[in-house]
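These notes concern the structure reproduced below.
Read-outs throughout are calculated quantities, based only on the coordinates presented, and are distinct from any laboratory measurement. It should be emphasised that the depicted structure is a prediction, and the values quoted were computed from it without experimental measurement. All Cβ positions, glycine included, derive from the backbone under ideal geometry; neighbour counts span all protein chains shown.
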């Protein structure tokens with residue numbers, strides 16, 4: 001993974017000093033609440049319903065064991081002994097004290113971490129496929145480019161006060177695990193006929209209250225132009241994006257209002273001024289970035305037959321099938337640790353678990369650990385011969401629920417239990433659904449289903465792109481839930497359609513059950529929920545749900 | 001005389017901002033709105049030293065060929081969260097080659113000085129009683145990843 005040099009280290013430590021001074025001046029009354037707001041947000045600090053929330057950046061979801069141990073120690077010292085993995089691969093603390101945040105940031109800097117630009121109307125932490133560098137279906141490792149984008153966007157002087165937040169995702173594999181179609185900018189790595197790397201540039205996708213699938217404005221951008229092209233897009237957006245209405249300020253609204261072609265024309269006009277200028281990437285810089293993401297010292301191992309491994313034990317077999325993925329190196333497997341224990345908020349992880357996971361990352365791999373936007377944790381390099389031993393330890397640690405990719409692998413925002421923006425609670429909904437569908441055989445028979453829950457329109461739980469989406473709404477002071485069907489991420493992304501009038505909290509598990517029964521009755525053999533929905537449409541689901 | 005920050009020093013400054021878009025000032029020494037400039041160019045020039053300011057929805061392109069006739073151009077920040085002026089600063093310096101004084105006016109804050117300077121601003125009518133203390137914010141960072149007005153090369157060409 002990327003390692004800081006003196007330059008990176010100095011910038012992060014100057015950032016800590018800057019924020020310490022700003023916090024001090026705020027506490028002395030020299031900075032108003034209003035002025036302090038963007039300053040604290042750009043350091044990841046929210047003022048929440050019950051306490052502040054600190055969002056720590058995990059650039060493109062990559063962590064090492066030392067960082068995990070530091071996070072564990074910080075949660076004990078400054079918080080309540082647990083952390084939360086967010087839907088943007090970041091780590092959130094729910095109970096820090098405002099005046100201690102500079103100390104937390106200083107401790108994070110010791111392990112090359114920070115909370116820079118994890119919130120606010122600026123370029124946010126860049127995200128990537130959690131299987132970058134190890135996925136069997138990878139075209140090219142996205143991480144070097146993510147790091148190049150991270151550095152360019154960090155403390156960018158021109159783009160710290162954009163109309164609204166700005167999120168960039170990069171995907172380097174054939175199947176999209178980074179949701180590139182629903183980001184402000186999505187970059188899909190492609191290869192031309194000659195095998196050269198290029199980026200398909202998608203702009204103006206997004207979720208929130210106006211979900212939009214992005215538009216491709218460049219089919220194949222050469223890597224050397226990556227930063228100048230991004231800078232041109234941001235410059236157009238910074239000047240033309242709406243600032244009169246926060247709900248219409250995202251780039252998706254601008255692209256839609258102008259039309260993708262006209263937007264592209266403006267970008268290219270702006271680009272002409274800087275293309276081939278100093279910001280053009282050099283081959284040396286691309287190689288330098290790539291040098292940090294070279295494959296670790298894999299052993300030469302025989303590829304083992306997964307079905308033979310599965311004979312060991314039925315529970316192990318289920319876990320193997322759902323929680324591990326194909327690795328590009330023979331004899332290795334990617335393992336997902338499910339932070340989806342029923343009764344625990346999806347994505348929550350305790351200090352003890354973080355420490356054990358750090359050890360496991362070293363013992364069963366090369367010390368690298370990933371966070372995912374499905375709010376799980378990944379050990380990317382596990383030898384197949386170690387899977388059984390690892391599984392036993394994960395069972396002990398309660399992160400082996402064999403539910404990855406199933407109905408019970410719920411994506412869920414913190415919701416009304418924590419977040420001051422939320423209209424409704426989301427965590428208890430996730431729990432009620434997990435309890436209703438405890439029969440794993442039934443869950444497996446349903447096949448691949450993504451169920452996503454957001455407590456409000458801001459859509460942190462990505463409900464629009466869940467095959468089943470649940471959105472908390474406020475109806476005359478009561479918490480209600482709107483269900484949508486047919487959303488999906490991936491390169492054929494679609495926005496879910498609303499089933500109909502919303503439901504009270506206690507009705508939600510019943511409605512989900514009716515939706516699933518409808519699916520089962522209409523499904524062709526082995527068909528995924530999404531494909532059945534796309535084939536039969538909304539009507540049969542609607543009839544059943546409101547019967 | 002009011003004090004501003006110019007070229008990293010606190011100095012006394014005699015320019016005044018004229019926000020009326022209909023009537024003209026009676027003497028020089030004013031920074032006037034773009035619309036007034038466009039409508040009364042000759043009358044304003046006859047008054048003596050005149051500068052112009054851009055509102056946050058007025059791109060430098062609207063100044064056309066006049067850009068390099070000004071000794072001072074100001075960019076008005078209606079709210080500190082409105083960051084359009086950062087792009088205008090860079091555009092004036094990088095695309096139009098403006099070398100005169102580029103001043104931030106309106107509602108910006110001390111904690112934006114470092115980024116404003118990187119975007120080409122060299123004078124700041126900062127609304128604060130603590131201008132001397134505010135100078136410290138220019139040193140928030142000693143270097144940067146990106147190229148901009150104060151550093152032509154990105155760090156990756158200097159590493």
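So for A:301, A:240, fewest C-beta neighbours within 10 Å to most, what's the order? Could you put the intermediate results ahead of the total?
Details: A:301 13, A:240 18.
So the ranking, lowest neighbour count to highest, is A:301, A:240.
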Rh (Kirkwood, all Cα-Cα pairs) for the range A:127-290, Å, reads 16.0 Å
Rounded to two decimals, the Debye log10 I(q)/I(0) of chain A (Cα scatterers, no solvent) at q = 0.08 Å⁻¹ is -0.51
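Mind sorting A:116, A:344 by how few other Cβ atoms lie within 10 Å of their own Cβ, fewest first?
A:344, A:116
To the nearest 500 deg cm²/dmol, what mean residue ellipticity at 222 nm is calculated for the protein assembly as shown from DSSP H runs of n ≥ 4 alone, each contributing -39,500 (n - 2.57), summed and divided by the residues?
Working: 23 runs with 227 residues, N = 706.
Taking each H run of at least 4 residues, the total per residue is -9500 deg cm²/dmol.
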Quick note, the range A:1-64: a/c under 1.5 would make it rounded; otherwise a/b > b/c is prolate and the rest oblate (a ≥ b ≥ c, C-alpha gyration tensor); here it is oblate
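Fewest first, what order do A:462, A:327 take by the number of other Cβ atoms within 10 Å? Mind dumping the intermediate values first?
Numbers: A:462 25, A:327 22.
The order, fewest Cβ neighbours first, is A:327, A:462.
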Note on chain A, DSSP bridge orientation, antiparallel percent to nearest 5 equals 80 percent
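Nearest 5 percent is fine: what portion of the DSSP beta bridges confined to the range A:385-524 is antiparallel?
Working: 13 of 19 bridges.
That works out to approximately 70 percent antiparallel.
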Fraction of alpha-carbon pairs in the range A:306-397 farther than 17 Å apart, rounded to whole percent, equals 47 percent
Honestly the range A:181-238 on the Cα gyration tensor test (a ≥ b ≥ c root eigenvalues; a/c under 1.5 rounded, otherwise a/b vs b/c for prolate or oblate) is just oblate
Using eta = 1.306 mPa s and T = 10 °C, Stokes-Einstein with Kirkwood Rh from Cα pairs puts D for the range B:3-157, in µm² s⁻¹, at 99 µm²/s
Per-residue average of other protein chain Cβ atoms inside 10 Å, peptide A:3-12 -> 2
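Have a look at the DSSP beta bridges in chain B and tell me what percent are antiparallel, nearest 5. Provide the component values of the computation, followed by the final result.
Details: 7 of 24 bridges.
In chain B, DSSP labels about 30 percent of beta bridges as antiparallel.
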Each residue of A:237-243 has, on average, a number of other protein chain C-beta atoms within 10 Å of its C-beta equal to 4
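Can you give the mean number of other chain Cβ atoms that lie within 10 Å of the Cβ atoms in peptide B:145-154? Don't jump to the answer; show the numbers that get you there.
Numbers: counts 11, 13, 7, 5, 1, 1, 1, 2, 2, 10.
Other-chain Cβ atoms within 10 Å of each residue's Cβ, averaged: 5.
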Classified through the alpha carbon gyration tensor (a ≥ b ≥ c as square roots of its eigenvalues; rounded if a/c is under 1.5, else prolate when a/b is larger than b/c, else oblate), the range A:237-315 comes out oblate
